[in-house]
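Structure first, then comments.
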Amino acid sequence: MNVAIIPARGGSKRIAKKNIRPFFGKPVMAWSVEAARASACFDRIIVSTDDGEIASVARALGAEVPFTRPAELATDQAATIPVIAHAINWLKQQGEEPDQVCCIYATAPFISSEDIQQAKNILQDGSVSYVFPVTSFPSPVQRALRILPSGRGEMFNPELFVKRSQELEEAYHDAAQFYWGKADAWLQEKIIFSKDSVPLVIPRYRVQDIDTEEDWQRAEYLFRAMQEMQSFSGTTG
C-alpha cells in the first residue's frame with residue numbers, strides 16, 4: 001500500500017494561511033494534491049492538519065483528512081519525520097499496512113508527477129530508505145561568505161580562494177517538494193539526508209522553497225516564466 005501524506009498545519013506566522021493561500025488560481029496545496037493524483041502512485045492521499053479550514057479545503061480538493069493532527073505535532077518546532085510517523089501509526093491502528101509513504105509538502109507548486117513516479121521506481125531498491133528531489137547550488141558553496149559583526153566579509157574557506165569554480169565539487173540542496181520513504185524508515189525515524197537515501201536531481205528553475213513573502217514572490221516569477229515558456233513552445237510547435 002502506497003500513501004501520500006501532505007503535512008499542512010495551521011498557524012503559519014511568516015506567511016498567513018500559507019498552505020491554502022491562492023497560487024495561480026487555486027489554493028497552493030492543490031498543486032501538491034493534483035500532482036499526487038496524476039502520478040497514479042497512491043492508494044490514499046491524506047492531509048495531516050490541525051486546522052479546520054485547511055481540512056475543508058483539502059477535502060474539497062479530493063484529499064482525505066481522516067484524523068486531526070495532535071497539537072504537539074503542530075507547533076513551529078514540529079519536525080517532518082514525527083508527523084509522517086504519526087500518520088503511518090494511525091493507518092496501522094486502522095488495520096492498514098503502508099509499505100511506501102511519500103511526504104509531499106503543501107507549498108510545492110513546482111512538484112512534478114513524473115518526478116514522483118521516478119522516485120518511486122528508485123525506491124524499489126531494497127537498500128534505499130528514501131528518495132527525494134535535489135537541485136544544484138547556482139554558485140560553489142565552497143566560496144561562500146560570512147558577514148562579520150563589524151560589517152566586514154570573509155570566506156568560510158579562505159584557503160579555496162585560489163581555486164577556480166570548475167575545480168570545486170558541485171553541491172546540491174533539498175528541493176523541499178517531497179520525500180518518498182519506506183514505512184519502516186519513517187517509523188524508525190531514520191535521517192532522510194544520509195547514505196541510505198538517493199537524491200533525484202531536478203533543474204533549478206523548478207525549485208523554490210517557500211518560507212517567506214520574498215520566497216512566495218520569487219515562486220510566482222518562476223511559475224509565470226514557466227507558463228510563458230510552455231505557451232511559447234506550444235505556439236511555435
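Scanning for something within 22 Å of the chain's Cα centre (by Cα) and assigned to a helix (DSSP H, G or I), does region 150-160 turn up at least one residue?
Keep residues of region 150-160 that are within 22 Å of the chain's Cα centre (by Cα), which gives none.
No, region 150-160 has no match at all.
Here is a yes/no grid of residues against (1) open to solvent by less than 20 Å² (accessible area, probe 1.4 Å); (2) part of a loop (DSSP other than H, G, I, E, B); (3) within 30 Å of residue 225 (Cα to Cα):
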site	(1), (2), (3)
106	yes, yes, yes
114	no, no, yes
120	no, no, yes
126	no, yes, no
131	yes, no, yes
166	no, no, yes
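Can you pull out every residue in region 195-217 that is under 15 Å from the mean Cα position of the chain (by Cα), among the basic types (Lys, Arg) and open to solvent by 70 Å² or more (accessible area, probe 1.4 Å)?
Of everything in region 195-217, just one residue is under 15 Å from the mean Cα position of the chain (by Cα), among the basic types (Lys, Arg) and open to solvent by 70 Å² or more (accessible area, probe 1.4 Å), namely 204.
Please enumerate the residues belonging to region 60-81 that are out of contact with any Phe, Trp or Tyr (no Cβ under 9 Å at 6 or more places or on another chain), in a helix (DSSP H, G or I) and open to solvent by less than 50 Å² (accessible area, probe 1.4 Å).
73
Output the number of the condition that residue 74 fails; it satisfies all remaining conditions of (1) over 22 Å from residue 115 (Cα atoms); (2) modelled with pLDDT of 95 or more.
Of the numbered conditions (1) over 22 Å from residue 115 (Cα atoms); (2) modelled with pLDDT of 95 or more, the odd one out for residue 74 is (2).
Considering (1) open to solvent by 50 Å² or more (accessible area, probe 1.4 Å); (2) touching a residue at least 24 places away in the same chain (Cβ under 8 Å); (3) basic (Lys, Arg), say which one residue 92 fails and leave the rest.
(2)
Test residue 55 against the stated conditions and say whether it is assigned to a helix (DSSP H, G or I) and among the small types (Gly, Ala, Ser).
Yes; evaluated as a whole, the condition is true for this residue.
Could you list, in sequence order, the residues of region 5-46 that are open to solvent by less than 70 Å² (accessible area, probe 1.4 Å), within 17 Å of residue 116 (Cα to Cα) and outside any helix (DSSP H, G or I)?
Once the filter is applied, which keeps residues that are open to solvent by less than 70 Å² (accessible area, probe 1.4 Å), within 17 Å of residue 116 (Cα to Cα) and outside any helix (DSSP H, G or I), region 5-46 yields 5, 6, 7, 41, 42, 44, 45, 46.
Kindly check whether there is at least one residue in region 171-194 that is surrounded by fewer than 11 Cβ atoms within 10 Å (Cβ to Cβ), more than 28 Å from residue 96 (Cβ to Cβ) and out of contact with any Pro (no Cβ under 6 Å at 6 or more places or on another chain).
no
Would you mention how many residues in region 193-233 are hydrophobic (A, V, I, L, M, F, W, C) and closer than 16 Å to residue 31 by Cα?
7
Can residue 129 be described as on the phi < 0 side of the Ramachandran plot, in contact with a Lys or Arg (Cβ under 6 Å, 6 or more places away or on another chain) and either at pLDDT 95 or above or of a type in the set (D, E, K, R) (or both)?
Yes.
The values are calculated or read from the model by the stated rules, or taken from the named source; none is laboratory data. Model, not experiment: these values are computed from the prediction. Every residue, glycine as well, gets a Cβ built from its backbone with ideal geometry; the counts of neighbours run over all protein chains shown. Side chains included, ligands, DNA and RNA excluded: accessible areas come from the protein's heavy atoms. Shrake-Rupley method; radii C 1.70, N 1.55, O 1.52, S 1.80 Å.
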